[in-house]
1. Scan the helices (runs of 4 or more DSSP H) fully inside segment 77-192 and keep the ones with 1 or more residues being crowded, with 24+ Cβ neighbours inside 10 Å, touching a Gly at 6+ places or on another chain (Cβ under 7 Å) and at pLDDT 90 or above.
2. If you check P275, P286, P279, which single one turns out to be crowded, with 22+ Cβ neighbours inside 10 Å and more than 30 Å from V47 (Cβ to Cβ)?
3. R87 is checked against (1) out of contact with any His (no Cβ under 9 Å at 6 or more places or on another chain); (2) more than 26 Å from S337 (Cβ to Cβ) and fails just one. What number does that condition carry?
4. Of all residues in segment 222-263, count the ones that are under 16 Å from V432 (Cα atoms) and buried (at least 17 other Cβ atoms within 10 Å of the Cβ).
5. How many of the residues making up segment 407-432 are hydrophobic (A, V, I, L, M, F, W, C) and either in the same structural domain as R90 (by TED's automatic domain parsing) or modelled with pLDDT under 75 (or both)?
6. Since V361 meets every condition but one in (1) buried (at least 17 other Cβ atoms within 10 Å of the Cβ); (2) under 13 Å from A461 (Cβ atoms); (3) without any contact (Cβ under 8 Å) to a residue 40 or more places away in the chain, which condition does it not meet?
Amino acid sequence: MTTSAHPASATSPVPTDTTAPAVPTWRYIGFLLGPGVGTFAFNAVTVILPTLRVRFGADDISLELVIAGYGIPFAVLLILGGRLGDRFGRHRLYTAGMGLFLVSAVACALAPSVQTLIAARVIQGVGAALCTPQVLATIQATSRGAARTRAIAAFGASGGIGSAVGQVAGGALAAATFGAVDGWRAVFVVVALVAAAAIALAPLAPRSRSHEHVAIDVVGTVALALGILAASVALTFGPAWNWSWPVLVVIVVAIVAFVAMWRHQDAVERGGRVPLLPPSVLRLRPLQLGLLSAALFFAGYSALLYVFPRAIEHGGMTSLQAGLALLPFAVVFAVMSLTVARVQARWGDATLPFGVGLQLVALLAMTATVALAWGPDVVLWLQPALVLLGAGQALVFSPLTQLVVREVPVQAAGLSGGMFSTAQQLALSFGVIVIGGVVSFTGVAGREELIAGLALDVALAAAVLVLALVLRARGRRRVAD
């Protein structure tokens, strides 16, 4: 057993067990189904929105609420969900959250109206917020070294597979019927089945919780939830409301809530108590740069995935064909994620900047292909660049996740899962909002829309590359000292 000083501990060093046996990745299988079913539910539901419009006669606001009803409570409660796992046990919170996810999926499948569907999606978002932070937290608290790297890589692969399969399955099921039952309902049946499997397999993972008493900071929780709620509402509905004065008021509310939360958390920590978000942890520069890099990465990712199927469908392809066009990208992402531990063992901290560089090359190749070869066969011409993009993003996702996780002490492991997932969720929304605003303002479609999304992703990836190089330089100086 060794100990290492850490600012987050305030009064004592953080214990790190270097003698515990490495946990094989397969033992986390029940937990690793969580990110996969979550991204599957999000992407598949996005694809079936046109079908829901027809079946329920839903307007644009109702369809936005089908998405936001899941995304907003998910983002608002993630950090609280992580801290609850620290206090009450991560297995318990994961099972409870996945149970809500299962029940809500059944309710979605049986929904007689769009209003019922929206209500069920809200419950689904709450369930996702309770179970999602426990995945990274459990990996952080119960694994080490190469075993941890492999488990985090599998975490990334799960999300990538769920995203791709969700798009393909959503398009296929939206166009199908099963007797008198609409195919879109089968999306939620699949979600329910995977959730049931996740609950059944969860006991295989080693159990963990914080060894210190974790008090739930009610004031900090309310202030943080209000800030994230206001920010999520502004990001989600700002474009639909043309960024009118109510949206500006909501933004002001978010800023005030975040400032109040920060001051309260600082006072709590100075008083020797445990805050919801320890400022000593948030002041860590590697953590700040890691979270910023993750936010920029996921914003670019979501922007590109938003415009890609729209642009391809504008060229005459169906939703299913657009989803299938991204399948090789997702397969390469998944395969590379499962081998990234060996890459990191050889390249170390160089893995992250190399992955971002590979991503930039792929994005520039895609841009050139779209500009020069737009037509019925453009999807085929894009496959080499998409395969390269999948490999590059896999080399980015896992090292970025590890960077955030390793800066948080083990006794607050739920905090790392909550912070990373919150940054990811808000960034995914922000990327869609930004590119959606650009597309709406310029009126571009098809090739020009896809080029706009690629340009935004290139700019964000370039910023991530700069941050990755800064982080690598800081790591080298730390080793030298």
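1. Qualifying helices (runs of 4 or more DSSP H): 90-109, 114-142.
2. Among P275, P286, P279, only P275 is crowded, with 22+ Cβ neighbours inside 10 Å and more than 30 Å from V47 (Cβ to Cβ).
3. With respect to (1) out of contact with any His (no Cβ under 9 Å at 6 or more places or on another chain); (2) more than 26 Å from S337 (Cβ to Cβ), R87 is out only on (1).
4. Adding up the residues that qualify gives 9.
5. 5
6. Of the numbered conditions (1) buried (at least 17 other Cβ atoms within 10 Å of the Cβ); (2) under 13 Å from A461 (Cβ atoms); (3) without any contact (Cβ under 8 Å) to a residue 40 or more places away in the chain, the odd one out for V361 is (1).
The values are calculated or read from the model by the stated rules, or taken from the named source; none is laboratory data. These numbers come from a predicted model, not from an experiment. For neighbour counting, all protein chains shown are included, and Cβ atoms are generated from backbone atoms with ideal geometry for every residue, glycine included.
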